[in-house]
Amino acid sequence: MTPVEMVLSVPETVVATYVVATDRPPADPAAAASAAAARIEGPLGEAVRRMLDGPLMQVSVVPVAAAPPLPVEHLRMFGGPPEALRAVVAATHLVLVQAAFGPGWPPAHEWHARAVAAGIAADTGGTLVDLYTPQILDPAAALAGLPGPDGTSALSAWVLVPQFEGDQGLTMITRGLGRFGLPELQLLDVPPALGRAWTSALTGIARALVVRWAQAVDRAAGAAFVRVPDELTVTAADATLAYGNAPGPGAQARAAVVRLRLDRDDPGSPEQDVLLTVVPPEGFAYSVTEFLARVPAEVFGVQPGTEGDEAVATARAGLPAARERFLAGEFGVERHLVVKHRLTRGEATELIWSTVTTWPDPRRLHGVSMSDAEIDPAVRTGRPTMVREPEIVDWGVWSDGAGIVEGGWTNAVPAGE
């Protein structure tokens, strides 16, 4: 089959904007920026100082009364601590740090602007805000997340994966790929129990896409558009590197293929953002729900009897207490107990998630399947299931609007993998 290519527009420049909300603004913004840059060591420090000396970075101070209001509600949605939000509201001045650069990799505009803004925030006792996300950052953590002498930086420091509850499951839309000139990734109708796994998988897909995008932009050398294949292979190594960890043996071999479909946020309006929706590859023979279950399992899914032994043992050790909490009525309309269990048909075995509905007998429970099974056409999303206790390999607590907030040990990316 001939590969299908997407045509993506390439912006001339991308811009990073950071704000320091403070009641102790620097009298000389340029001097404050230079002082912050002087403390950055190595090649990054040299690059920051060169950008400050040129036209690509600007630092200014604006009274709050003369500036557009900061997105306080969005900062709260993205996890802004209450004390930091109060400091933003009480600030008298904003220090604006902006830097421009070309699309692709490295995102020098982001690295340099964040470094200067974090230094100014530390010097003034101000609150550091990344306006792209938007997100409140701890200055020390922001500096620690910058690339080291080898020039590497974890993609997870620049790309978030917020999730929103919908009628058919979770909607997940990345926030940060625009820093590189790319559309954001979107994933629809994710079963709640797979939210944690897909956060890692989508971050890995983002890294694989950034690598491919940067190569295409470099080859195009100033072109307004580039062509990239719409199918993308993501590996466990992509997911691990995206979080700044070293891949372990076999990580490159654990892989899945996804297709990226060009969509618009609002198809009726040409002004809305373009999104890349993650969908099954052409020729995928099973349901979309099966695709959503397969990708995390193929990339870094943990199976009983392999590297998942410790995770399974941890989950099963807490299973009696989880049942007691269920019977005590801890879970209800907005919080659900979910279990991952083996489904065996003949010699074939598959792992699926079910939401627990009743559990009167410790030896078995009744629930509702959260995905379609490949090995049994009778097991489908939303249909009742009966699960025997020995078949359970994991459990978790799903909270509406927040995802899995407890448990889900076998969904996590193995450390160093």
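The values are calculated or read from the model by the stated rules, or taken from the named source; none is laboratory data. The model shown is predicted, which means the values in this text are computed figures rather than measured ones. Reconstructed Cβ throughout: ideal geometry from the backbone, glycine too, with neighbour counts over all protein chains shown.
Quick grid of which residues meet (1) closer than 13 Å to Ala16 by Cβ; (2) among the aliphatic types (A, V, I, L, M); (3) assigned to a helix (DSSP H, G or I); (4) touching a strand residue (DSSP E or B) at 6+ places or on another chain (Cβ under 6 Å):
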position	(1), (2), (3), (4)
Pro106	yes, no, no, no
Asp123	no, no, yes, no
Leu182	no, yes, no, no
Leu194	no, yes, yes, no
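A quick yes/no check of all residues on (1) closer than 15 Å to Ile120 by Cβ; (2) small (Gly, Ala, Ser):
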{"residue": "Leu52", "(1), (2)": "yes, no"}
{"residue": "Pro55", "(1), (2)": "no, no"}
{"residue": "Gln58", "(1), (2)": "yes, no"}
{"residue": "Val64", "(1), (2)": "no, no"}
{"residue": "Leu70", "(1), (2)": "no, no"}
{"residue": "Arg76", "(1), (2)": "no, no"}
{"residue": "Gly79", "(1), (2)": "no, yes"}
{"residue": "Pro82", "(1), (2)": "no, no"}
{"residue": "Leu85", "(1), (2)": "no, no"}
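Selection over the range 141-170 of residues that are at pLDDT 85 or above and either outside any strand (DSSP E or B) or among the charged types (D, E, K, R) (or both) gives a count of 16. Taking the listed residues Pro55, Pro63, Pro68, the one that is loosely packed, with under 12 Cβ neighbours inside 10 Å and touching a residue at least 12 places away in the same chain (Cβ under 8 Å) is Pro63, with no other qualifying. Scanning the range 125-140 for residues that are touching a Pro at 6+ places or on another chain (Cβ under 7 Å) and either aromatic (Phe, Trp, Tyr) or part of a loop (DSSP other than H, G, I, E, B) (or both) yields one hit, Pro134. The set of residues from the range 104-122 being at pLDDT below 95 and not hydrophobic (A, V, I, L, M, F, W, C) comprises Gly104, Pro106, Pro107. In a residue-by-residue description of the range 220-238, the property of being of a type in the set (A, V, I, L, M, F, W, C) and modelled with pLDDT under 85 applies to at least one position.
Sub-6 Å Cβ pairs linking a first residue in the range 186-198 that is farther than 14 Å from Glu290 by Cβ to a second residue that is among the polar types (S, T, N, Q) and buried (at least 24 other Cβ atoms within 10 Å of the Cβ), at least 6 apart or interchain, are Arg196/Asn411; Ala197/Asn411, ordered by first then second residue. Just one of the listed residues (Val88, Val48) is under 28 Å from the mean Cα position of the chain (by Cα), assigned to a helix (DSSP H, G or I), of a type in the set (Val, Ile, Thr) and over 30 Å from Ala216 (Cα atoms), and it is Val88. The C-beta contact set for the range 199-228 (first residue without any contact (Cβ under 8 Å) to a residue 12 or more places away in the chain and surrounded by 16 or more Cβ atoms within 10 Å (Cβ to Cβ), second residue part of a loop (DSSP other than H, G, I, E, B) and among the β-branched types (Val, Ile, Thr), distance under 6 angstrom, 6+ apart or interchain) is empty.
Residue count for the range 118-142, restricted to those that are more than 15 Å from Gly79 (Cα to Cα) and more than 20 Å from the chain's Cα centre (by Cα): 11. When the range 100-136 is filtered for residues that are buried (at least 24 other Cβ atoms within 10 Å of the Cβ) and more than 19 Å from Arg175 (Cβ to Cβ), the ones remaining, listed by number, are His112, Ala115, Val116, Ala118, Gly119, Ile120, Ala121, Gly126, Thr127. Set side by side, the residues Thr92, Thr17 differ, and just one is over 30 Å from Val226 (Cβ atoms) and either at pLDDT 95 or above or in the same structural domain as Arg219 (by TED's automatic domain parsing) (or both), which is Thr92.
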